[in-house]
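To start, the structure under review is shown below, and the notes come after it.
The values are calculated or read from the model by the stated rules, or taken from the named source; none is laboratory data. None of the values given here were measured: they were computed from a predicted structure. Don't worry about glycine lacking a Cβ; one is built from the backbone with ideal geometry, like all the others, and counts go over all protein chains shown.
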Amino acid sequence: MRLPLRTAALSAAILLAFPAGAQTNDSAPFYVGASLGTTHVSNIYRLAGGSNSDSVISAGLLGGIDTRLGRQHLTFDGSLQDNRYRDTKDLNNKSYSLRSALEWQTIGDLSGTLSATSSRSLADFNAGSGVDPIFVKNTARNEEYSATARLGAFSRYSIEGGWNYRKLDYSAPQYDRFSYHQNSGSLGFFGTPGGNVKLGLSARHTTGQYPRYPTGRIIFNPVTQQIEPETAANDYSRNDIDLTANWSAGGRTGMNARLSRSHIDNSPNIASLRNAHGTTGGIGGTWQPTAKLLLNLQYTRDTGIETKLSTSDLNRVYTTWRFTGTYALTGKISFNANANVNRSHSDNGTNAAANYFEKNQSYGLGMRWAFTRSLSLGCQYDHASRDSSILAYTFSANSYGCTGQALIY
């Protein structure tokens, strides 16, 4: 998993999840609050063997809603952050995170979900995938909107249709190749042969575009009077047949699995992107052995854009392991841990420059102390590293910090 510079406000981002849980548990319809934290990052620009550390102070405003409107359930969480670096002041930035969802249902057996998320933060300075490390402020803006409708959700058999839109933009022109937008739609049939088992068969179709993807050729730009890499729009499509299974043992313990036959078509005018087809999918589970301990493990095998690890590699498969765990020591003190490993290998035949492997790994440890329902303190340590056949893409970095939060319900 890529660890971008927005880890400078990582503690605040992690704590953002707690207000939503607190308000739900206490049936509070809304909350507002503020946060203040500091984080130290050991390798800001993610350089191989580099030493470029700095500290950042992040001040934020938080707010959220969790309420029911008849049969409908509306939630919203948002945060605004002002991030100020001690030395690297040209990286000072304002970030935000917004997420909302509406769970709806009718008098009959029809229900669904509408959701939207939007965020802006500093992006990686060393993303790999054919782009050299950069040393200028680069913000990434993510948007995602989705809608799902289910007929027969509370019966033994059901039909489910969905739509999803995603968009990613970067402010730095060096990252133009990573910007994209896509739409996907799905239709599936589901059955529950047992009270705790749900099986599904779905068809999924995706279309999208990278507006400025490098073709691999060099051209002369008459406007800038310089030799530049040529770019072109890559219009791509993807078709999947998904087999899914979900099993629940009650409470928060269960398993989920997806096995897909996937086919991807790319624009023929970009030689570095070949069409791809094969098997993708994933399996995972959540286990709560005690009331205080919750563990989650996920394995995924899919393209970079679907795992949200590398948005440029449409025809390169990543294998990803993710682990998270939380432990409530007391009613006020809790601990969390996470570990992520993903690997990929690209084999482009005679194009030796495009044949490379990559291994990203990260892990983190954190704790949260809730003084009261409204006041809390969270601290987090994270480590990230990358091994690659291209030396410039390798790095190792650490970050640690604490954030205090005050909420009004």
Quiz item: Among Ala147, Ala127, Ala116, Ala153, which is the only one that is among the aliphatic types (A, V, I, L, M) and in contact with a Leu (Cβ under 7 Å, 6 or more places away or on another chain)?
Solution: Ala147
Quiz item: Between a first residue in the range 174-195 that is farther than 30 Å from Pro133 by Cα and without any contact (Cβ under 8 Å) to a residue 60 or more places away in the chain and a second residue that is outside any strand (DSSP E or B) and of a type outside the set (Val, Ile, Thr), which pairs have beta carbons less than 7 Å apart while being 6 or more apart in sequence or on different chains?
Solution: Gly191/Arg156; Thr192/Arg156
Quiz item: Which one is farthest from the chain's Cα centre (by Cα) among residues in the range 268-293 that are surrounded by 16 or more Cβ atoms within 10 Å (Cβ to Cβ) and assigned to a loop (DSSP other than H, G, I, E, B)?
Solution: Ile270
Practice problem: With respect to Leu201, determine if the residue is touching a Phe, Trp or Tyr at 6+ places or on another chain (Cβ under 6 Å), in a strand (DSSP E or B) and surrounded by fewer than 16 Cβ atoms within 10 Å (Cβ to Cβ). | Solution: yes
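Please verify whether Asp176 is over 26 Å from Phe76 (Cα atoms), among the acidic types (Asp, Glu) and buried (at least 16 other Cβ atoms within 10 Å of the Cβ), treating the condition exactly as stated.
So Asp176 fits the description; yes.
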Quiz item: Under the condition of being in contact with an Asp or Glu (Cβ under 6 Å, 6 or more places away or on another chain) and surrounded by 14 or more Cβ atoms within 10 Å (Cβ to Cβ), which residue from the range 209-236 is modelled with the lowest pLDDT?
Solution: Thr215
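Of all residues in the range 119-154, how many are among the small types (Gly, Ala, Ser) and either surrounded by fewer than 17 Cβ atoms within 10 Å (Cβ to Cβ) or within 30 Å of Thr192 (Cα to Cα) (or both)?
Of the residues in that region, 5 qualify.
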Quiz prompt | Among the candidates Leu36, Leu62, residue that is modelled with pLDDT of 95 or more, under 24 Å from Glu103 (Cα atoms) and part of a strand (DSSP E or B) | solution = Leu62
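So if I check each of Thr215, Thr206, Thr192, which one is over 25 Å from Ser115 (Cβ atoms) and outside any helix (DSSP H, G or I)?
Thr215 is the lone residue from the list that is over 25 Å from Ser115 (Cβ atoms) and outside any helix (DSSP H, G or I).
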Quiz item: Can you name the residue in the range 155-173 that is surrounded by 17 or more Cβ atoms within 10 Å (Cβ to Cβ) and touching a Phe, Trp or Tyr at 6+ places or on another chain (Cβ under 7 Å) and, of all such residues, is nearest to Arg99 (Cα to Cα)?
Solution: Leu168
Quiz item: Quick check: is even one residue across the range 5-25 in contact with a strand residue (DSSP E or B) (Cβ under 7 Å, 6 or more places away or on another chain), surrounded by 18 or more Cβ atoms within 10 Å (Cβ to Cβ), on the phi < 0 side of the Ramachandran plot and modelled with pLDDT of 90 or more?
Solution: no
Practice problem: Test Ser55 against the stated conditions and say whether it is polar (S, T, N, Q), in contact with a Lys or Arg (Cβ under 6 Å, 6 or more places away or on another chain) and closer than 21 Å to Ser121 by Cα. | Solution: yes
Quiz item: Residue check, Thr206 against (1) under 23 Å from Gly130 (Cα atoms); (2) surrounded by 15 or more Cβ atoms within 10 Å (Cβ to Cβ); (3) not small (Gly, Ala, Ser), all met but one. Which one?
Solution: (1)
Quiz item: Name the pairs: first residue in the range 300-321 and more than 17 Å from Asp124 (Cβ to Cβ), second residue modelled with pLDDT under 65 and part of a loop (DSSP other than H, G, I, E, B), Cβ to Cβ under 6 Å, at least 6 apart or on different chains?
Solution: Thr303/Leu314
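Each row is one residue, and each column tells you yes or no for (1) over 16 Å from Arg166 (Cβ atoms); (2) of a type in the set (D, E, K, R).
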site: Leu114; (1), (2): no, no
site: Asp124; (1), (2): yes, yes
site: Gly128; (1), (2): yes, no
site: Val136; (1), (2): yes, no
site: Thr139; (1), (2): yes, no
site: Ala147; (1), (2): no, no
site: Arg150; (1), (2): yes, yes
Self-check item: Pair list, Cβ under 6 Å, 6 or more apart: the range 92-112 residue within 30 Å of Ser158 (Cβ to Cβ), other residue of a type in the set (Lys, Arg)
Solution: Gln105/Arg71; Ser111/Arg150; Gly112/Arg150
Quiz item: Which residues, taken from the range 384-409, are aromatic (Phe, Trp, Tyr), surrounded by fewer than 22 Cβ atoms within 10 Å (Cβ to Cβ) and assigned to a strand (DSSP E or B)?
Solution: Tyr400
Quiz item: Do you know which of the residues in the range 32-64 that are surrounded by fewer than 23 Cβ atoms within 10 Å (Cβ to Cβ) and hydroxyl-bearing (Ser, Thr, Tyr) is nearest to Leu375 (Cα to Cα)?
Solution: Thr38
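If you go through the range 244-256 one residue at a time, how many are loosely packed, with under 15 Cβ neighbours inside 10 Å and assigned to a strand (DSSP E or B)? Working first, answer last.
As a first pass, look at the range 244-256 and keep what is loosely packed, with under 15 Cβ neighbours inside 10 Å: 245, 249-252.
Checking which are assigned to a strand (DSSP E or B) leaves us with 245.
Number satisfying all stated conditions: 1.
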Self-check item: Residue check, Glu306 assigned to a strand (DSSP E or B) and charged (D, E, K, R)
Solution: no
